[in-house]
Each structure stands twice: as C-alpha cells, then as structure tokens.
Amino acid sequence: MSSDIIVIGGGIAGLTVAHELLRLGATVTILERQHCAREASWAGGGILSPLLPWNYSCPVTRLTQLSNALFPKFIEALRRDTGIDPEYQASGMLVLAGATGEPDSEGHGRAAREAREHDAEAWCARHDFRLSKVRSHEIAPLLASDEAALWLPDVCQVRNPRLLQALMKAVGQRGGVIKEHVEITDWQIEHGRVQSVSTSTGEKFTASNYIVTAGAWSGGLLREHALKLDIWPVRGQILLFQAQSGLLPAIVLQEQDNFYLIPRRDGYILAGSTLEETGFDRRTTAQAGKLLLEKTHALVPALTEATLSGHWAGLRPGSPDNIPVIGSHPHITNLYLNSGHYRYGITMAPGSAQLISNMILNKPQPLDIAPYKWPS
Ligand SMILES: Cc1cc2nc3c(=O)[nH]c(=O)nc-3n(C[C@H](O)[C@H](O)[C@H](O)COP(=O)(O)OP(=O)(O)OC[C@H]3O[C@@H](n4cnc5c(N)ncnc54)[C@H](O)[C@@H]3O)c2cc1C
C-alpha cells in the first residue's frame, strides 16, 4: 500500500506529526510495532516545561516556547473533534530550594540559592514568564515544611495518556491509517531515496517520504543509516498515588534532585522520576520504588504506602543537551527524523510536529531549525 508519508512509531512524536500532516492535507500511515501510545509517551508525567527552564540552552527554550504557543489551540481542536479531554491546565509549578538552599555555617547555601534565584528571575524576565518568590505553604499548605520557594504560575500540564488517546482518535477521523503490530525490519534504499520498508508481517510499505519517530529505538532501527545520531534509552520510574482531589494544588519540584509531584484533577498524584541508564530494560525496581516513596512521604506526609496505587517505568529517548533531532537525513532525501526529545517529548510535541511538517511540505519555518539537524 502507498501513502504520501509513512510515520514509523506511534508515540507522541509520531502521532502529533501524523495529526499535523493530515491537517495540512497529506495522506499518512503510521506503522507501530506493538500498540501505539504505550511506551515513553504513556509513561511520562505530562509537565509542559523543562524542570528548571533557565538551565537549558536556546534550542530547548525556543522549541518549548513554540510548543507552548501552539498547545491551547492544539488541545482545543482535539477536544472538539474527539470529545476526549486531555486535561490541559496551567496548574503552575512550585520550585523548592530544599536542603541545598539552607545556609551552612558560613552562609554559603544561602549565597548559592540567591545566585540561582537571580538566574531564574533574569531568565523569566527575558522570556516573559511569570515568577514570584513565595513561602511554599502559600501555594501548598500540606507540604511538610514551609520554606522559601519560587512560584511559576504559567507552567502547564497535560494528562498524557488522554492526550495520546485523543490523538489516535483524531488521526483516524482525519483519514490517517494506523497499523499496529507492524515492526520495521529493513530499508530498501536506492539512488539516495528510501524505496520501501520491510516489516515483521512480511508486507512492504511504500511512500514518498518516511519519518522515523521510534523514540529510544530510533538509532537501532536506522542501523548504519543513523550515521552519528546519538539517541539512547534513559529509564524513568514513576509512582502513582490516589489522594483526595485538591490535596496538592500545583506541581511541586524539589530543585536539589529534580524530584517532582504532579497532581491530576481527580486526585491522582504522580511522583517521579528516576534517570537510569540501564539499556532497553524498562522493568520497575523495588529500590527505585522505595526511594520515590520516601521522597514523596517526606514532602507530603499524607501520601503513604496506603495511598500508593501504581508504579511504572518508561524509556526516554536520551539526547545530548536534551536537543532533539528534527530534520532530514544528510544523504537520503526522503528520510526524516523526529526524535531524541529526552525529558521533554510531550512538552516539545506540537512544535516539533510543525517543524518537520513544514520541512516536508516546503513551508517557511517559525524559527531557525539548524540546531536540530541530523548529525553526520
Ligand atoms: C518517567 C518519565 C517521565 C517523563 N515526564 C515528562 C514530562 O513531564 N514532560 C515531558 O514533556 N516529557 C516527559 N517525559 C519524556 C517523554 O515521555 C518522551 O520524551 C516522549 O514520550 C518520547 O516520545 P516518542 O514518541 O519519541 O517515543 P515513544 O513514546 O517511546 O514512542 C516510540 C514508539 O516507536 C515504536 N517503535 C520502536 N521501534 C519500532 C519499529 N522498529 N517499528 C515500528 N515501531 C517502532 C515503539 O513501540 C513506540 O511506540 C517523561 C518520560 C518518562 C519515561
């Protein structure tokens, strides 16, 4: 069978790009080796911002800002078309300086915290992002301690499993074809173009253009065609707690170890996450579960083992400096990649989809795409 574009991998990167290309009038087939929306994109937390945004480079900031600007309309269209609510909301993020922010006997901790606050304030002023200094109990009275904190009211979140569900439905509604249990096993490349792809079912698929959106598996799937692509699996584990709705009114981030709590509207609270380089092993571990439980309980004593209701892991597509590759292959003209979004694949999804779609359809770009090019 043939369509304009074949998208390989049905996570957030693949579904969002398929959705955007369909909106622009292309015909699209997604090939997914198992079920769509089950890997990193399902496992993620759904915070729509880098954790400490002032610590990242311009390419991360620009792509995040592009996505932030696209998110409201993107979600509204999905809600309207599918009737599924991805629970997009500006729940805000409270950043706790934690133990490292407390002064030592010589006051060094305080000086370091003030320097970091200064960086954060300067970044927020430059990027028109609201920030204020608060006591943590002003925002979240149920936290164990009342301490100096930064409040970022503009940070949004989305319930990523619902977003993925909505995207799958919308892709189908727009005439996209989703083929599950179809794994790409080989490439037929001639005259500098992909002619077709072989799959685990024995069927070959042909299109004018091919986009790899296979997350942590992108490099392995591309084999020698990956060139100098540097994408590797980074395991993240999350605990899920069932609490009463409103217990925690905002995302809480502990600066010292990037540990966070994300409250959903119905009372569920996600606690995460680990950063582990354990290859393609996405099993959960008792050790990480214990650590996350201890951290959660220390922050919010009301969250105990009794309220624990889930534990899962996913493999992020790691990349140097968290800068994804959104670009065409240096030598194979109809092969593209949209992957390596590492910790922020949900955050960066609409912006990345727009950039890759513009590239394929020869439309002008809203920003300089050079930082995202495929390394050769
Ligand atoms: C614990 C955790 C917390 C996170 N929190 C956040 C957060 O708060 N905010 C945020 O923005 N991001 C977060 N992330 C990161 C985000 O989830 C990822 O960056 C993003 O999901 C990557 O999406 P993807 O579509 O590239 O990969 P995936 O979702 O992994 O999808 C890749 C797909 O490709 C398929 N595939 C692989 N090989 C083949 C093949 N040969 N043929 C066909 N299909 C194939 C796979 O089966 C899979 O479905 C988190 C991640 C984790 C693990």
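Quick look at the values:
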{"item": "Residue count, region 210-229 (criterion: over 19 Å from G11 (Cβ atoms) and away from the ligand (no atom under 11 Å from the Cβ))", "result": "4"}
{"item": "Enumeration of residues in region 70-114 that are modelled with pLDDT under 95, surrounded by fewer than 18 Cβ atoms within 10 Å (Cβ to Cβ) and in a loop (DSSP other than H, G, I, E, B)", "result": "E102, P103, D104, S105, E106, G107"}
{"item": "First in region 26-40 and basic (K, R), second anywhere and open to solvent by 60 Å² or more (accessible area, probe 1.4 Å) and near the ligand (Cβ under 6 Å from one of its atoms), Cβ under 8 Å, 6 or more apart", "result": "R33/E183"}
{"item": "Residues satisfying the stated conditions in region 244-289, i.e. of a type outside the set (K, R) and touching an Asp or Glu at 6+ places or on another chain (Cβ under 8 Å)", "result": "S245, A288"}
{"item": "Of all residues in region 132-160 being within 11 Å of the ligand (Cβ to nearest atom) and not in a loop (DSSP other than H, G, I, E, B), the one that is surrounded by the fewest Cβ atoms within 10 Å (Cβ to Cβ)", "result": "N160"}
{"item": "Selection count, region 294-309, where residues are within 11 Å of L240 (Cβ to Cβ) and surrounded by 14 or more Cβ atoms within 10 Å (Cβ to Cβ)", "result": "4"}
{"item": "Given (1) open to solvent by 10 Å² or more (accessible area, probe 1.4 Å); (2) out of contact with any Ser or Thr (no Cβ under 8 Å at 6 or more places or on another chain), index of the condition S357 fails", "result": "(1)"}
{"item": "Test set (1) more than 13 Å from the ligand (Cβ to nearest atom); (2) crowded, with 21+ Cβ neighbours inside 10 Å - D321 fails condition number", "result": "(2)"}
{"item": "Residue in region 279-297 that is touching a residue at least 60 places away in the same chain (Cβ under 8 Å), more than 19 Å from the chain's Cα centre (by Cα) and more than 11 Å from the ligand (Cβ to nearest atom) present", "result": "no"}
{"item": "Any hit, region 334-353, residues being over 21 Å from the mean Cα position of the chain (by Cα) and either surrounded by fewer than 23 Cβ atoms within 10 Å (Cβ to Cβ) or within 16 Å of the ligand (Cβ to nearest atom) (or both)", "result": "yes"}
{"item": "Of all residues making up region 1-49, the number that are under 12 Å from A207 (Cβ atoms), within 6 Å of the ligand (Cβ to nearest atom) and touching a helix residue (DSSP H, G or I) at 6+ places or on another chain (Cβ under 8 Å)", "result": "1"}
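The values are calculated or read from the model by the stated rules, or taken from the named source; none is laboratory data. None of the values given here were measured: they were computed from a predicted structure. Virtual Cβ from ideal backbone geometry, glycine too; neighbours counted across all protein chains shown. Note: accessible area is taken over every heavy atom of the protein model, side chains too, but ligands, DNA and RNA are not part of it. Shrake-Rupley method; radii C 1.70, N 1.55, O 1.52, S 1.80 Å.
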